[in-house]
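The values are calculated or read from the model by the stated rules, or taken from the named source; none is laboratory data. In this text, all values refer to a predicted model and were calculated from it rather than measured experimentally. Cβ coordinates were reconstructed from backbone atoms using ideal geometry, including for glycine residues, and neighbour counts include every protein chain displayed. All accessible areas refer to the heavy atoms of the entire protein, side chains included, with ligands and DNA or RNA removed. Shrake-Rupley method; radii C 1.70, N 1.55, O 1.52, S 1.80 Å.
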Amino acid sequence: MAVPIKMDDRLRRIHSGQNTRVKELRRAFGEAAPNAEGEVAVEGMHIVEEAIRSGLRLTTVFFSESAKERAHKLLPQLSSHTEALLLPDEVFASAVPSETPQGVAALVRVKSFALDEMFVPAPALLVAIAGLQDPGNLGTIARSAEAFEVTGLLLGERTVSPWNWKAVRASAGSLFRLPALKIELATALREMKARGVRVLTTSSHKGTAITEVDLRAPVAFIVGGEGAGVPKDVLAQADEVVVIPHSSKVESLNAGIAASILLYEAARQRKSQ
């Protein structure tokens, strides 16, 4: 008869912040990009569980001493190949970026996508991000993109990394599942036009009301950065400029909110088709 593995037998205690995996966790949070093994760093019980639910491979999970009881819930969900480390609170805090750590973090192998995958299933619905710097806004856009069945998220120059820990948290796990690709916007625009995708950009004041635009065909929304908006060279290549009608008392909408409204309207039109 097999002997059940006790939780304490599964957890390996680490005492030093110079441990190889702890150093890798710290580095991965700092660089906000996949390492040579395709791992990114994530933090928080909910986000780690979302990674598991998304079918990703968790290579190492880290618990702080004060959050040890959370291991009772999480360890049964982990593969037997996942390393589980228990760290002193101060060592854990030194490796994660949040000011109030939840005591659970992980190194996760994320999926990579090719440009061709951004256009299926048809009709394509794309969001291209031009110079968005706020990770919370990017996470909000990704969450709405998954909710409204976007086929691909294209991240242009000067856009915050999708693996910034704040972006991952704001996406509530959508960035684990949504096809996303960092790409030069000029390349993305050429590819979209070659595939018959209409390119729409947004403006706060001038343009066609979004409810009057046919969004049932393949379409891509270009979302600009905070303040600067969509770069002029990108605007010049757009097929149409659209606006979200709103009170003149408000100068403009938050990028994440605006993108969510655009995507809702696209989804509404497609479902009524």
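Below are the figures for this structure:
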quantity	calculated
The one condition in (1) at negative phi; (2) open to solvent by less than 50 Å² (accessible area, probe 1.4 Å) that Arg26 fails to fulfil	(2)
Residues that are among the β-branched types (Val, Ile, Thr) and either under 18 Å from the mean Cα position of the chain (by Cα) or open to solvent by less than 20 Å² (accessible area, probe 1.4 Å) (or both), drawn from segment 247-260	Ile257
Whichever residue in segment 139-168 is under 8 Å from the mean Cα position of the chain (by Cα) and either part of a helix (DSSP H, G or I) or on the phi > 0 side of the Ramachandran plot (or both) and, among such residues, is surrounded by the fewest Cβ atoms within 10 Å (Cβ to Cβ)	Arg143
Those strands (runs of 3 or more DSSP E) lying entirely in segment 80-134 with at least 1 residues at pLDDT below 95	125-130
Filter result (out of contact with any helix residue (DSSP H, G or I) (no Cβ under 7 Å at 6 or more places or on another chain), in a loop (DSSP other than H, G, I, E, B) and crowded, with 17+ Cβ neighbours inside 10 Å) within segment 204-228	Gly207, Val213, Pro218
Filter result (open to solvent by less than 70 Å² (accessible area, probe 1.4 Å) and among the aliphatic types (A, V, I, L, M)) within segment 230-246	Val230, Val234, Leu235, Ala238, Val241, Val242, Val243, Ile244
Number of the exception - Leu107 against (1) surrounded by fewer than 22 Cβ atoms within 10 Å (Cβ to Cβ); (2) farther than 22 Å from Val234 by Cβ	(1)
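So that you can scan it fast, the table gives a plain yes or no per residue for (1) in contact (Cβ under 8 Å) with a residue 60 or more places away in the chain; (2) out of contact with any Cys (no Cβ under 6 Å at 6 or more places or on another chain); (3) loosely packed, with under 15 Cβ neighbours inside 10 Å:
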site: Ala32; (1), (2), (3): yes, yes, no
site: Leu58; (1), (2), (3): no, yes, no
site: Ser64; (1), (2), (3): no, yes, no
site: Ala67; (1), (2), (3): no, yes, no
site: Ala95; (1), (2), (3): yes, yes, no
site: Gly103; (1), (2), (3): no, yes, no
site: Glu117; (1), (2), (3): yes, yes, yes
site: Val127; (1), (2), (3): yes, yes, no
site: Gly131; (1), (2), (3): yes, yes, no
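Residue-by-condition table, conditions (1) among the polar types (S, T, N, Q); (2) part of a strand (DSSP E or B); (3) within 20 Å of Arg169 (Cβ to Cβ):
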residue	(1), (2), (3)
Arg21	no, no, no
Val48	no, no, yes
Val61	no, yes, yes
His72	no, no, no
